[in-house]
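Read through the structure below, which is laid out as structure tokens, and then see the notes.
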Amino acid sequence: MKIFHEIAPLRAHLSARPRAQRGFVPTMGALHAGHRALLERARAENGEVALSIYVNRPQFNDAGDFTNYPVTLDADLEMARAAGVDVVFAPPPEALYPDAYRYRVTETTYARTQEGAHRPGHFDGVLTVVLKLFQLIDPGRAYFGEKDWQQLRLVEGMAEALFLPVEIVRCPTVRAEDGLALSSRNARLSPEDRKRAAAFPAAMARAASTEAAVEALRKDGFTVEYVLDDGDRRLGAVVLGGVRLIDNLPLPSFPSPSAT
Ligand code: AMP
């Protein structure tokens, strides 16, 4: 496994190899089994697997969330090695912004709704760094988790709109045994809150309406940012013990009243 911190040697290394056979998994590190599933899928489908680890300041609309974001580089590299990663790109902070973020990618419609309505500028930061990373890694395929549903759909939209020669591969959300979606931020939950957090996906899945989900979550002590239905998906964001959690699920199918 080769580890690159600088852009020039990374590009020199990758340019000698076939791009179509390169699978890419972009992350912010603090890797867990959700990331591992993406890496394993990339390993199975490509001749070469590249992983990036970069905590992207511009996508954090909350300074405290950025400062508190977990960094576990040694453990990340261990997981990467075990998953058969060939190339790791872990640039120093802000190395990807020689322009000081003057140039950015904006989606003007969908990115302002849902998660984007609660995190102003978040998806500009995400799309900009993903485009920069695609330029540097030049993958044939890139792997994204359904855990970040709106992000996944915006990346798909960007690839289509900008004619990017990369296939975006959707990967299902990996959950803990109690149903909580794995997230690097879960590590910041107190043991007590970690136990209570399982009520979040449970309420989202069970409630007959978004209003009922919000009520159930509030009763359980969550601060609810939003729960909304979009097509056949239910999406939500809550805060528990100062930690913000997001999730999304296929909408529950309830028996119609006449069928009972
Ligand atoms: P992050 O490091 O949080 O930016 O996530 C990097 C990639 O891993 C994104 O495509 C996420 O959607 C994906 N990911 C994070 N958590 C999970 C999970 N529990 N299941 C599946 N994919 C995930």
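Only lysines eight or more places from K219 in sequence, or on another chain, were considered; those with a Cα closer than 29 Å are K147, K195.
Note on the chain: GNM, Cα springs under 10 Å; of A83, A30, A208, the largest mean-square fluctuation is that of A208. Computed with the Debye formula from one identical point scatterer per Cα of the range 184-250, without solvent, the log10 of I(q)/I(0) at q = 0.24, 0.25 Å⁻¹ comes to -0.99, -1.07.
Filter the GluC sites (Glu not before Pro) in the range 113-199 to those in DSSP coil with at most 13 other Cβ atoms within 10 Å of their Cβ, and list the result. Intermediate results must be reported in sequence, preceding the final value.
On the way: sites: E115, E146, E156, E160, E167, E177, E192; in loops: E177.
Those satisfying the criteria are E177.
Mean-square fluctuations from a GNM of the chain, with a 10 angstrom spring cutoff on Cα atoms, peak among A117, A75, A16 at A16. 3J(HN,Hα) along the range 25-32, derived from phi through the Karplus expression 6.51 cos²θ - 1.76 cosθ + 1.60 where θ = phi - 60°, amounts to 10, x, 9, 9, x, 6, 5, 9 Hz, with x in place of Gly and Pro. For the chain, the longest principal axis of the Cα atoms and the long axis of helix 73-82 meet at an angle of about 80 degrees. The modelled label-to-label distance for the pair D178/D65, using points 7 Å beyond Cα in the direction of Cβ, is 2.3 nm.
Taking every DSSP beta bridge that has both ends in the chain, the antiparallel portion is near 45%. Annotation for the range 40-81 versus the range 194-208: alpha-carbon center distance of 27 Å.
Couplings for the range 94-100, taken from phi via the Karplus curve 6.51 cos²θ - 1.76 cosθ + 1.60 with θ = phi - 60°, read 6, 4, 7, 10, x, 8, 6 Hz in order; Gly and Pro are left as x. In the chain, the longest principal axis of the Cα atoms and the axis of helix 210-219 are about 80 degrees apart. Karplus-based coupling profile of the range 221-235, in residue order and whole Hz: x, 8, 8, 9, 7, 6, 9, 9, 9, 9, x, 9, 10, 10, 10, with θ = phi - 60° in 6.51 cos²θ - 1.76 cosθ + 1.60 and x standing for Gly or Pro. At the listed q of 0.08, 0.12 Å⁻¹, the Debye profile of the chain, built from one uniform point per Cα, gives log10 I(q)/I(0) equal to -0.33, -0.74. The calculated FRET efficiency for the pair A20 and Y101, based on their C-beta separation and a Förster distance of 41 Å, comes to about 0.85.
Read-outs throughout are calculated quantities, based only on the coordinates presented, and are distinct from any laboratory measurement. Keep in mind that this is a model prediction, so the values were computed, not measured. FYI the Cβ positions are ideal-geometry reconstructions off the backbone, even for glycines, and counts take in every protein chain you see.
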